[in-house]
Amino acid sequence: MDNIEIKKFANRVRKNILFGAYSAGSHSAHIGGAMSVVDVLSAVYCLANFDSSLIGKPNRDRIILSKGHACLALYGCLIEKGVIKRSDLKNFETSKSYLFGHPVMNKKKGIEFSTGSLGMGLSLGVGVAIAARINNQNYKTYVIQGDGECNEGSVWEAAMIANQKKLNNLTVLIDRNNFQQTGTSDEILNLNNLKDKWNSFGWETQEIDGHNLDEIRQALKFDNSNRPKAIIANTIKGKGLKIAENNNNWHHTVLTEKDYEKAVSDLDEI
Amino acid sequence: MKYNNRNIQTWSTIGSRATFGLSCLDLIEKNRNLLVLSSDVSTSAGLDRFRKSWPKNYVEIGISEQNMIGVAAGLSSEGFQVITTTFSPFQTLRCLEQIKVNLGYMKNKVCFVGLASGVVLGSLGYTHCSIEDIAVLRSIPNITILSPADSTEVTKCLPAALKHKNSVYIRLTGGSKNPVVYKKNYEFKIGKSIVLKKGKNLTLFATGTMVSKALKASIILKKFKIDSEVINIHTIKPIDEKQIIKSAKKSRLFVSLEEHNIIGGLGTSISEVISGIKNKPSLLRLGLKDSYDHSGEYDFILKKNGLDVKSIANKIKTFYKSK
């Protein structure tokens, strides 16, 4: 799939996110962090060995959204991959649905694990990657984390063991949108130079523009190391929803009908 | 495992931890799909031989218990049978939320083994004791809790746990020279308690190291013409409600015995079962006080909590006479 197609895919994913957020109504939805990760997550879904025919197959690449609050981006990608129906988002976060405000493990629907409690996805990814090695399987494991999530100590436990086991079949992508729930990362718990941190933990680390598909593709493609790979993707929280961009009030909020319609029409113009 | 006199004596001498290591060696012979994960405790868990003989099946995780449960869940999701182990406080409370989410909520199946639970490591201080593990784990759905009575029962718990439908916590108690409860082979089934001694005046429900003490106390009680039934509750969750209700029909006096905080363990489990029945028996709950007051040697702490055989027998005698 070329970058123009991935860009269109990502644009549709953004619309899916907005549709889900709008459907959630007064329940609210995590919008900012879902919109920031879209381009990275779309590229992973488009370039990985993953489609609806591979669900449940041992050779599928494993994609784990560790920052589970960005679930609408995950559901948005799975809709575009034909794994789940867009109409299922109408019941998002209701008891009628299987699509909740954090992903609930559902292998048949492409949801590898239940996530949302931050800092747990990478350990799961390490286990899955070790399993591939023991079983001589070629699948790759991708774990998508938030930058705020890197506050969790368990992330660094997992980072150390991935290096120790030289898991070059494991990639972590960090959605570096510089915000977390109640403020900027710098204000809450400064991550300083995240690239240096991952590098010093033994990971092959690249820092890219997380909205530039050329850079995302290049970083995902890089495969010349016996080390696990970390991609720090610099992103804009709320990207694609103009009123939400770099505005942390959109971390978890209600999307009104008026804002929804305006946002969709803005995306139609891209 | 061969259940002959020699092996049973050896397991008793080396204690539950080293027996756990031997049991892993036995299991791997028949099951190459087994992976054993440890947080830098191979020597403490009797896994040194396993680590050297089966390097591909031994996964060293380092001192990172939260990570260990996550990695174990990932491996389990890919079809491996997984055992994890470290000292009980770190195998349970340190990584409790990982247990909840990865094993309870997602139902990835892992057998996690808590070494040196209870107060056997009391001389190292309460950081290394585990008097809360049953209470906290009991409230997590989809987790089975086993508490073997002696080293022989450890060898029964492990294969049963691997065949079990959901995740299992195995709570190892006692030190070396772990008293023998089972002198020969017997049938072990998760969830089904075992009547070790029949009696008609009262029923002693015990778990872990307290099973042996209950048997010894029952001999003292006999001298006072108190005929007690002794039941090994090796499965704390799901508790054997059927047996408890059956016992309640014939016995008016219950005693629970556990090397665990008096809050939230075996005694609490039994009281939950009998709270719903008519003409419920009186229950004397014996266990560790809800306290971190004083560290010390194993026997010192047990005695301070009234969990030596003599104190147990005395308390039961007083309870019996008061009714």
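The values are calculated or read from the model by the stated rules, or taken from the named source; none is laboratory data. Note that the structure is a prediction, hence the values are computed from the model and not measured. Quick reminder, even Gly has a Cβ in these numbers, built from the backbone with ideal geometry, and neighbours come from all protein chains shown.
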Scanning the stretch A:129-146 for residues that are in a helix (DSSP H, G or I) and farther than 15 Å from residue B:73 by Cβ, which turns out farthest from the other protein chains (Cβ to nearest Cβ)? A:133
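Would you confirm, using the coordinates I've provided, whether residue A:149 is outside any loop (DSSP other than H, G, I, E, B), under 13 Å from the mean Cα position of the chain (by Cα) and among the acidic types (Asp, Glu)? Spell out how you get there, then give the answer.
Details: outside any loop (DSSP other than H, G, I, E, B): yes; under 13 Å from the mean Cα position of the chain (by Cα): yes; among the acidic types (Asp, Glu): yes.
Spelling it out, residue A:149 is indeed outside any loop (DSSP other than H, G, I, E, B), under 13 Å from the mean Cα position of the chain (by Cα) and among the acidic types (Asp, Glu).
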Kindly evaluate residue A:258 against the criterion of being within 13 Å of residue A:15 (Cα to Cα) and at pLDDT 95 or above. no
Somewhere in the stretch B:119-140, is a residue within 14 Å of chain A (Cβ to nearest Cβ), modelled with pLDDT of 95 or more and in contact with a helix residue (DSSP H, G or I) (Cβ under 8 Å, 6 or more places away or on another chain)? yes
Lone unmet requirement of (1) part of a loop (DSSP other than H, G, I, E, B); (2) under 30 Å from residue A:106 (Cβ atoms); (3) within 11 Å of chain A (Cβ to nearest Cβ); (4) of a type outside the set (Val, Ile, Thr) for residue B:62: (2)
Among the residues of the stretch B:97-114, are any within 14 Å of chain A (Cβ to nearest Cβ), surrounded by fewer than 20 Cβ atoms within 10 Å (Cβ to Cβ) and of a type in the set (Lys, Arg)? yes
Can you confirm whether the stretch B:206-228 contains a residue that is touching a Gly at 6+ places or on another chain (Cβ under 6 Å), surrounded by fewer than 24 Cβ atoms within 10 Å (Cβ to Cβ) and not charged (D, E, K, R)? no
Please work out which residue is surrounded by the most Cβ atoms within 10 Å (Cβ to Cβ), limiting yourself to the stretch A:176-203 and to residues that are closer than 30 Å to residue A:136 by Cα and touching a strand residue (DSSP E or B) at 6+ places or on another chain (Cβ under 7 Å). A:198
Using the structure shown, decide if residue B:181 is within 23 Å of residue B:298 (Cα to Cα), of a type in the set (Val, Ile, Thr), part of a helix (DSSP H, G or I) and modelled with pLDDT of 95 or more. no
Could you please find all residues in the stretch B:19-39 being under 17 Å from residue B:115 (Cβ atoms) and without any contact (Cβ under 8 Å) to a residue 40 or more places away in the chain? B:21, B:25
Looking at residue B:39 and the list (1) out of contact with any strand residue (DSSP E or B) (no Cβ under 6 Å at 6 or more places or on another chain); (2) within 12 Å of chain A (Cβ to nearest Cβ); (3) under 21 Å from residue B:173 (Cβ atoms); (4) small (Gly, Ala, Ser), which single condition is not satisfied? (1)
Every residue from the stretch B:291-322 that is part of a loop (DSSP other than H, G, I, E, B) and either under 19 Å from the mean Cα position of the chain (by Cα) or not assigned by TED's automatic domain parsing to the domain that holds residue B:248 (or both): B:305, B:307, B:308
